[in-house]
Amino acid sequence: MQPKLKDVAKLAGVSVATVSRVINDRGYLSSGTKEKVYQAMRQLNYSPNSAARALRGKTFKLIGLIFASVENPLIAEAVQKIENQLFEGGYKAIICNSLDNPAKEQQYLKMLMANQVDGIITGSHNESLKEYKMSGLPIVSYDRYFPSPIPTVSCDNAAGGKLAANTLMDKGSEKLMLISGSLEKIPRNADRVAGFNQAVEAVGQKSTTVRLRFNDTPGIKRAMIRQQLSAYQPDGVFCTDDQTALLCLQEAKSLGMKVPDDLQVIGFDGSQYVQQYHPELSTIVQPIDDIVDLLVRILFNRLEQNDDQLLDRYVLPVSLLQRGSLRN
């Protein structure tokens, strides 16, 4: 039998009105009261969404997509492909752009729950783990790690970092530089950095690391990259994303460095936009078509409650696209 609001209230030892306020985040309530309600909901497997769906006996066939930044060419490409596949499967998408802002992400999640979406595909999570789990919805994550029972689909970020390092060294680079975004806010960067450093250290070489912040403007990033290129004079650079790699190419050329003779550069992601409009950039390519196919297939399995055989993580292989920023 579907648990009801009064069942949650009874188990938590609070009023029905208090449970409603916790669910809708209205008014002041102590953290202790909220936790009692959350614990009762977990124990009873109660979800506001599942209760509402049971009452109306149907779904709206809506899927929420929460991603960090649809300005990123690869994310924009992934979202478009996901939306197309969902539409072909009879679902409509609500697209949310969190900009890696925890408060914004939580508000979007509450909005999706209020609109009673049937499931969520997320490529962005910060402090909202409890809210995701409490939603009671089928959820699949792209490249952001959740604990079980939320499956994660990603490329092999660590292998991509190793491939970049080995390629630069095999092609003669000795003075290596790694330019990375935030490791804390973007976990995939940490894997790419770890893979790169492991490959460099395995042959006794060293590299210098430049760390950029997620919210830095392109102008700030460009100035920092220019300063580090000028000071360190590397002959091989790996950037943990293609947008940063393109900035690196621009600043290297403005400093009079010849690419690839003086400096070799490898990015990461390999979106169709980069492949078509920046043919000079060599990059580690994510298999985005395979990733999207798997994300949507897993979500549909979860919607149909066929998730007994699902894994916690699915990791797909990457490949190198060699072009003008690498020596032959």
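Details
- Every residue from the stretch 152-186 that is among the aliphatic types (A, V, I, L, M) and over 20 Å from residue 326 (Cβ atoms): 153, 158, 183, 186
- When 86, 112 are checked against the criterion of being outside any strand (DSSP E or B), touching a Gly at 6+ places or on another chain (Cβ under 6 Å) and crowded, with 18+ Cβ neighbours inside 10 Å, 112 stands alone in meeting it.
- Of everything in the stretch 253-270 that is of a type in the set (Gly, Ala, Ser) and within 29 Å of the chain's Cα centre (by Cα), the residue that is surrounded by the fewest Cβ atoms within 10 Å (Cβ to Cβ) is 270.
- Subset tally (residues that are assigned to a loop (DSSP other than H, G, I, E, B), at pLDDT 95 or above and buried (at least 17 other Cβ atoms within 10 Å of the Cβ)) for the stretch 172-185: 1
- Within this structure, residue 144 fails the test of being within 30 Å of residue 260 (Cα to Cα) and touching a residue at least 40 places away in the same chain (Cβ under 8 Å).
- Checked against the criterion of being outside any helix (DSSP H, G or I), hydrophobic (A, V, I, L, M, F, W, C) and surrounded by fewer than 22 Cβ atoms within 10 Å (Cβ to Cβ), the candidates 140, 70 yield just one match: 70.
- Out of 74, 112, 137, sole residue that is among the hydrophobic types (A, V, I, L, M, F, W, C) and under 28 Å from residue 274 (Cβ atoms): 74
The values are calculated or read from the model by the stated rules, or taken from the named source; none is laboratory data. Given the structure is predicted, the values throughout are model-derived calculations rather than measurements. All Cβ positions, even for glycine, are placed from backbone atoms using ideal geometry, and neighbour counts span all protein chains on display.
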